[in-house]
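Working notes, beginning with the structure itself.
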Amino acid sequence: MSDDALLAVRGLSIRVRAGRELKTVVDSISFAMGSERVALVGESGSGKSVTARALLGLLRKPLEAQAERMQFAGRDLRTLSSAQWSRLRGSGLALVVQDPRHALNPVLRVGHQLEESLRIHQRLAAAERRRRIAEMLDAVGLSARRVQDLYPHQLSGGMGQRVMLAMMLINGPRLLIADEPTSALDAQLRDQVLELMSTLVADRRMGLLLISHDLPQVARYCDRVLVMYRGRIVDESAASQLAHSRHPYTRTLWACRPSAATYGTELPVLADWSEAVSAGASP
Amino acid sequence: MNCIEVRRLSVRLSGNGAEQHVLRALDLEVRTGEIFGLMGQSGCGKSTLLRVLAGVNRQWQGQVRLLERELMPRRRFTGALRREVQMVFQDPYASLHPLHTIERALREPLRVNGIADSRARVHQALEEVRLAPSLAQRYPHELSGGQRQRVAIARALMLRPVLLLLDEPTSALDLSVQAEVLNLLNQVRVTHRMTLVLVSHDRDVIGHLCDRAAVMRAGRIERLLERTEMR
């Protein structure tokens, strides 16, 4: 784990307190990433989303995080005050969530919301703000003239996710964390949004941590993949090498996706691997 | 032989004084024994079509022949049709009563149809969808998403349907759980000799499961895909 990493995490554990019991949902994970595109892949309950929230300082009770090390661009995230977190979120680290219609303010026009996030982090003249908003909307493939006066409910799912992306990138963060950014979209739109996100991040030399349950899909847009299962990172691989992964869980995730080519065949399922785990045979 | 024959089917929604066509003079034939897919973007009318075929939406015009019986608009299903056509919804959490045990949920279709039910029958139904009979006494919130969808499929199978309608049955599930449910659908289709109509926005799911499919757009069938045309 090099010191010049953009994000460095060592021994991150997340627990949830239920009455007197303390349940571990993330069990001492470690990883580091630079200005690259990394996918964090796992299924429901693997701990991938709470990991994202911990990296953004967004965990709330009854969840609590503990880490030996959690550094972003040289800063220790474990000791930030809530004011410091507020400054860092948006300008250093940004989060895109699953459904933009829940994340955007329903009673403010799109242009107003973009301007608000600029005001919070930067001191700019009004004309400059307008210029940047138009430029940013253009970068995500939207026309400022058409979109900035709309309210969130007037946006389609794909447009909403583009607006969200514009809002998150407008302050030039160094790391974008995207939590299932396309699961609420129609299949045709998913590739478009992932492609756009991947391109924008590469152009701006940012880091991208893309969280998803769909391994084959995100692998196309990332350099590296971390696979989570039941709170642990069980496999790590270059995206180009995934088809050759030897880990049984990764292999199932890779192969269980249906397609016209699997017609008439039985899809591989996890049963064997998870039985092995509950029997204590695996890590 | 055709399991479903639809001629010039129209469904209109009226609200705010404006009238909107959800289905526009749609024609469709589904052959007995096949798995037929309906795909298209949100709002194309695919779910509305399924709800007409299930007898849930009865406000339609045109001709619908189901299992060789002519349907009447605005009329509820009667007689054997009520057993022979069953439906599985996208979100089993919303379609299973939260305060009823799994056993009660599975007995309900037998009870309302006046068929003798028993605990053994419930256990057999659970085993058929690869669930442990011990789950019978649990409540829906105590099951995982994949287990709940299996229960919803088991409930639909209780009445030995001839036609099973599925509305996005796997889109709320993880990929590996989706794989289990797709495998299960392929198995029960053979053991029960059913015709399946599957609505999905995911062309990969349609491509994996279906013998033929229709692409819908703006309330009409835009294109019919034979097996060899699926990609």
Problem set entry | the stretch B:202-231 residues that are in contact (Cβ under 8 Å) with a residue 24 or more places away in the chain, paired with ones that are hydroxyl-bearing (S, T, Y) and crowded, with 22+ Cβ neighbours inside 10 Å (beta carbon under 7 Å, 6 or more apart) | B:V205/B:T170; B:I206/B:S200
Exercise. Away from chain A (no Cβ under 14 Å), crowded, with 19+ Cβ neighbours inside 10 Å and modelled with pLDDT of 95 or more: does that describe B:L165?
Worked result: yes
For this session: Would you mind stating whether B:G15 is out of contact with any strand residue (DSSP E or B) (no Cβ under 8 Å at 6 or more places or on another chain) and either within 30 Å of B:Q187 (Cβ to Cβ) or surrounded by fewer than 21 Cβ atoms within 10 Å (Cβ to Cβ) (or both)?
Result: yes
Exercise. Looking only at residues in the stretch A:238-274 that are part of a loop (DSSP other than H, G, I, E, B) and farther than 22 Å from B:R203 by Cα, which one is modelled with the lowest pLDDT?
Worked result: A:L270
Exercise. More than 14 Å from chain A (Cβ to nearest Cβ), in contact (Cβ under 8 Å) with a residue 24 or more places away in the chain, buried (at least 22 other Cβ atoms within 10 Å of the Cβ) and not in a helix (DSSP H, G or I): does that describe B:L173?
Worked result: no
Exercise. Which of the following residues is more than 18 Å from A:V41 (Cβ to Cβ), within 14 Å of chain B (Cβ to nearest Cβ) and acidic (D, E): A:D186, A:D191, A:D138, A:D149?
Worked result: A:D186
Problem set entry | The lone exception for A:Y229 - which of (1) within 14 Å of chain B (Cβ to nearest Cβ); (2) farther than 23 Å from A:S13 by Cβ it fails | (2)
Problem set entry | Filtered residue count, the stretch B:185-202, keeping only those that are facing another protein chain (nearest Cβ under 10 Å) and modelled with pLDDT of 90 or more | 3
Exercise. Based on what the data block shows, is B:L126 in contact with a Ser or Thr (Cβ under 6 Å, 6 or more places away or on another chain) and surrounded by 19 or more Cβ atoms within 10 Å (Cβ to Cβ)?
Worked result: no
For this session: State which residue is surrounded by the most Cβ atoms within 10 Å (Cβ to Cβ) when the search covers only the stretch B:84-110 and only residues that are part of a helix (DSSP H, G or I) and of a type in the set (A, V, I, L, M).
Result: B:I102
For this session: Could you tell me whether any residue of the stretch A:213-235 is more than 24 Å from A:V140 (Cα to Cα), among the aromatic types (F, W, Y) and not in a helix (DSSP H, G or I)?
Result: yes
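Per-residue answers, yes or no, for (1) touching a residue at least 24 places away in the same chain (Cβ under 8 Å); (2) in contact with a Leu (Cβ under 7 Å, 6 or more places away or on another chain); (3) of a type in the set (A, V, I, L, M):
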position: A:A65; (1), (2), (3): yes, yes, yes
position: A:F72; (1), (2), (3): yes, yes, no
position: A:L77; (1), (2), (3): no, no, yes
position: A:W85; (1), (2), (3): yes, no, no
position: A:R89; (1), (2), (3): yes, yes, no
position: A:P100; (1), (2), (3): yes, no, no
position: A:L104; (1), (2), (3): yes, no, yes
position: A:E115; (1), (2), (3): no, no, no
position: A:R119; (1), (2), (3): no, no, no
Exercise. Just one of the numbered conditions (1) touching a Pro at 6+ places or on another chain (Cβ under 6 Å); (2) more than 14 Å from chain A (Cβ to nearest Cβ); (3) of a type in the set (S, T, N, Q) is not true of B:Q137; which one?
Worked result: (1)
Exercise. Looking at (1) loosely packed, with under 14 Cβ neighbours inside 10 Å; (2) small (G, A, S); (3) at pLDDT 95 or above, which is the one condition that is false for A:S82?
Worked result: (3)
Problem set entry | Filtered residues of the stretch A:1-15 (kept if surrounded by fewer than 16 Cβ atoms within 10 Å (Cβ to Cβ) and either assigned to a strand (DSSP E or B) or not aliphatic (A, V, I, L, M) (or both)) | A:S2, A:D3, A:D4, A:R10, A:G11
For this session: Give the residues of the stretch B:128-159 that are under 21 Å from the mean Cα position of the chain (by Cα), assigned to a helix (DSSP H, G or I) and not basic (K, R), sorted by residue number.
Result: B:E128, B:P140, B:G145, B:G146, B:Q147, B:Q149, B:V151, B:A152, B:I153, B:A154, B:A156, B:L157
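The values are calculated or read from the model by the stated rules, or taken from the named source; none is laboratory data. Note that the structure is a prediction, hence the values are computed from the model and not measured. Glycine also receives a Cβ, built like all others from the backbone with ideal geometry; neighbour counts cover every protein chain displayed.
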